[in-house]
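For reference, the structure discussed in these notes is given below.
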Amino acid sequence: LIRQGASTSTGYTIDQSIRFNKTDSAYMSRTVGSGGNTQTWTFSVWFKLGLLGSMRGASPFLWSCHQSDGNRLQLSLDSGSLGTQGDFLSLYDGASASTIFRTNRKFRDVSAWYHLVLVADTTNATSTQRFRVYVNGERDTSFSTINYPSVNANLGWNQNGSTYYLADYFSTHNGTYSFDGYMAEINHVDGSAYGPEYFGENDGNGIWIPKQYSESYGTKGFFIDGRDSSDLGD
């Protein structure tokens, strides 16, 4: 993605990624426990698609966070409903039983890396600032569905007793909803709402590239770089 206003980069490079193979039903998971912030957080990831359209299967999930009572937040590539194929990015919140957003943008380029940043801040007095989506450094404001959370809403992310899942849905793990592709530089910042400039920057040619995140991760935040193939969650 070419952006206006080129700047000098810090020279940060990503040396590895994690390959999720749909046929292997590959996924990663981590139990949240207690103490996470359900109102303010940031999630950043670089991802690359491995399959398109009907080859993906039913609505592959980039990630989800689930409680035993069904309260959840789930990010998938779908065309409007669970179990259908598509190339849109969609976020469903079980706490409010509604889709927060579904993009008009289609994610179809299997040759490119996408940088996605999701920013939640339901404490913000301005409704349109309570949830923000950035792709390759630019805010996405074109949605087929958009339901900004109510002020001080508790989203289905970081809920006590819930579990994070990367590259899959919470219950199946049989390839049905598995993501096929690559993920790299996975950052979850708990308790802070940060824009894409904390995770990426323009290089000298105005191309959006990675930048090393250097701020706090908060109580339940994490960073996954996949450098150890024998312990990808390290």
Those residues of the stretch 178-234 which are of a type outside the set (S, T, N, Q), within 22 Å of Thr163 (Cβ to Cβ) and over 18 Å from the mean Cα position of the chain (by Cα), in sequence order: Asp228, Asp231, Asp234
Some residue of the stretch 166-185 being at pLDDT 95 or above and surrounded by fewer than 17 Cβ atoms within 10 Å (Cβ to Cβ): no
Pairs where the first residue, in the stretch 101-122, is in a loop (DSSP other than H, G, I, E, B) and the second is polar (S, T, N, Q) and crowded, with 17+ Cβ neighbours inside 10 Å, C-beta under 6 Å, 6+ apart: Thr122/Gln39
Residue within the stretch 2-24 that is aliphatic (A, V, I, L, M), modelled with pLDDT of 90 or more, open to solvent by 30 Å² or more (accessible area, probe 1.4 Å) and not in a helix (DSSP H, G or I) present: yes
Pair list, Cβ < 7 Å and 6+ apart or interchain, from the stretch 141-164 residues that are hydrophobic (A, V, I, L, M, F, W, C) to residues that are open to solvent by 50 Å² or more (accessible area, probe 1.4 Å) and outside any loop (DSSP other than H, G, I, E, B): Phe143/Asn104
Where Trp157 falls short, out of the listed (1) part of a loop (DSSP other than H, G, I, E, B); (2) open to solvent by 20 Å² or more (accessible area, probe 1.4 Å): (2)
Single match in Val117, Val189, Val151, Val110 (criterion: surrounded by fewer than 15 Cβ atoms within 10 Å (Cβ to Cβ) and touching a helix residue (DSSP H, G or I) at 6+ places or on another chain (Cβ under 9 Å)): Val151
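The values are calculated or read from the model by the stated rules, or taken from the named source; none is laboratory data. For clarity, every value in this text was computed on a predicted model and none was experimentally measured. Quick reminder, even Gly has a Cβ in these numbers, built from the backbone with ideal geometry, and neighbours come from all protein chains shown. SASA here: full protein model, heavy atoms, side chains in, ligands and nucleic acids out. Shrake-Rupley method; radii C 1.70, N 1.55, O 1.52, S 1.80 Å.
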